Amino acid sequence: MPTGRLTGPTRRARRITVGSALGGLLLVGALAGCGDGGGRDTGSPARTDTPRTPNASSFSGELPSALASSASAAISSASVSASAAASSASARASEFEASVEAETQRRNAAAERELKKVHGRGNALAEVGMTGIPRAETGGVLAVRVAITNKTDGKASYAVQVDFKNADGKVVETRYTGAEDLGPGKKEQPIVFSHQPPEPRLTPVLAKAQRY
């Protein structure tokens with residue numbers, strides 16, 4: 001007579017059925033979790049953004065006409081300004097050179113006039129010295145630096161005569177220089193150039209020096 005208890009084979013079959021049911025539920029849950037991706041699955045395919053290539057026809061490779069004209073005008077204006085500045089600087093340099101040359105010629109003429117009054121070699125030979133300048137520094141031109149030092153207690157002006165002599169001792173050329181209103185103890189060092197050709201070689205000689 002049945003007692004309500006399950007026999008061995010029936011009990012094992014029931015365990016297998018329950019286990020299969022539980023396994024199916026777990027499998028459905030796992031699939032639902034994977035498909036949701038952290039949210040509900042809408043069933044739509046994933047969207048992929050594809051970069052778009054810019055329309056090459058919208059680029060000309062040149063500045064717009066208004067900007068190009070402005071840039072061209074600016075460049076032209078800068079070139080004109082630079083050219084004008086260079087011309088102005090050159091003009092000022094020429095004017096300065098001319099003024100220095102004119103002042104040098106005036107002083108030399110004043111020294112020559114003063115020395116025409118002097119008999120002998122003058123009263124200031126001890127206050128004047130000469131130093132030769134290497135021809136390599138003057139482009140081959142014969143030149144001497146004349147050092148004029150006022151050794152008196154008051155202002156004084158000086159006139160100097162330099163003779164250029166050849167090997168026979170003959171004066172080939174005479175040049176003049178000087179200093180005006182030189183203060184006590186002050187020195188000036190004008191340069192005297194020979195206008196003769198490099199050959200034959202000449203020797204500069206301090207001929208006269210007058211303080212006045």
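The values are calculated or read from the model by the stated rules, or taken from the named source; none is laboratory data. Predicted, not measured: the structure shown is a model, and the values here were computed from it. Note that each Cβ is placed from the backbone with ideal geometry, even for glycine, and that neighbours are counted across all protein chains shown. Calculation scope for accessible area: heavy atoms of the full protein, side chains included, ligands and nucleic acids excluded. Shrake-Rupley method; radii C 1.70, N 1.55, O 1.52, S 1.80 Å.
Surface composition of segment 102-209: carbon plus sulfur atoms hold 49% of the accessible area, using a 1.4 angstrom probe and ignoring ligands, DNA and RNA. Taken over segment 118-202, the convex hull of the Cα atoms encloses 102 Å³ per residue.
With coordinates expressed along the principal axes, the C-alpha atoms belonging to segment 138-177 extend over 40, 25, 12 Å, beginning with the largest. For Ser157, the accessible area of its heavy atoms, probed at 1.4 Å with every protein chain present, is near 10 square angstrom. For segment 157-212, the alpha-carbon coordinates run over 40, 16, 14 Å along the three principal axes, in decreasing order. Taking amide H as placed 1.01 Å from N in the peptide plane, the amide H of Ala147 sits under 5 Å from that of Gly129, Met130, Thr131, each at least 5 places away or on another chain. Placing +1 on the Cβ of every Lys and Arg and -1 on the Cβ of every Asp and Glu, with nothing else charged, gives segment 99-206 a dipole about its Cα centre of roughly 200 debye. Scoring 159-168, 139-148 by mean Cβ neighbours within 10 Å over their residues and listing the highest first yields 159-168, 139-148.
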